[in-house]
Amino acid sequence: GEERLAAYHRIMDEAGRPATIIDFPIDTRSSARQAVVDYTQAHGHPDGVLCQNDDIAMGAFRALRDLGLRVPDDVAIVGFDGNEDKEYLDTPLTTVALPVAEMCRLSWEVLRGRLTREAGSPSPSPYRTMLRPTLIVRESTGGAPVPSG
């Protein structure tokens, strides 16, 4: 989450916009729902909500609907992770999809290499790679629905 938060602050700075964080005590849909309701009642609704994951986006979506707001006409929403069930809402949620299959493949390669190394051989050096997520634009940000598949 720290990398996502740092990227959010960097992008908002570059855009000349204030970074606003809606904090909530636990990472659940219901906690996010209540936090968005509380924030909106105290400060008015934001233009958009970038959520740390798709489950939080679901809580934010429900909160905005509870408040009579329209997604994306009043507030745009973006989630993060790429969970498939978000495309089945009446307003499918835009998400940043992680390359889970590639993450698993690379993790297995590293683990297999460590399991099969000969006893007494030096430990392998730390492994780090950067994978690119994919933005899947759906109706929650005003984009046309994109079929998955």
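The values are calculated or read from the model by the stated rules, or taken from the named source; none is laboratory data. Since we're looking at a predicted model, the values are computed, not measured. Counting neighbours? That spans all protein chains shown, and the Cβs are built from the backbone with ideal geometry, glycine included. Just so you know, the surface numbers come from the protein's heavy atoms only, side chains and all, with ligands and any DNA or RNA stripped out. Shrake-Rupley method; radii C 1.70, N 1.55, O 1.52, S 1.80 Å.
Hey, how many Å between the Cα centroid of segment 29-66 and the Cα centroid of segment 71-149?
Their Cα centres are 22 Å away from one another.
Under a Cβ-Cβ cut-off of 13 Å, what is the net charge of the residues other than Trp108 that fall near it, where Lys and Arg count +1 and Asp and Glu count -1? Present the calculation step by step, with values, prior to reporting the outcome.
Values: positive: Arg105, Arg112, Arg114; negative: Glu102, Glu109.
Its environment carries a net charge of +1.
Starting from the Cα of Asp23, move 7 Å in the Cα-to-Cβ direction to define the label point; list residues of segment 51-71 whose amide nitrogen is under 20 Å from there.
What the label zone holds, given the 20 Å backbone N cut-off, is 51-53, 56-57, 60.
What's the carbon and sulfur percent of the chain's accessible surface, probe 1.4 angstrom, rounded to a whole number? Before the final figure, lay out each step's value.
Values: 5300 of 9840 Å².
Using a 1.4 Å probe with all protein chains present, the chain comes out at 54 percent carbon and sulfur.
With charges set only on the Cβ (+1 for Lys and Arg, -1 for Asp and Glu), what does the dipole of segment 1-117 come to about its Cα centre, in debye to the nearest 20?
Values: 13 positive and 20 negative charges, 83 e Å.
It works out to roughly 400 debye.
Work from the charge dipole of the chain (Cβ charges, +1 for Lys and Arg, -1 for Asp and Glu, about the Cα centre) and give the residue of Ala60, Val75, Val100 farthest towards its positive end.
Val100
Can you show me the helix-derived [θ] at 222 nm for the chain, built from DSSP H runs with n ≥ 4 at -39,500 (n - 2.57) apiece and divided by the number of residues, rounded to the nearest 500. The partial results should precede the final answer.
Numbers: 4 runs with 59 residues, N = 149.
About -13000 deg cm²/dmol.
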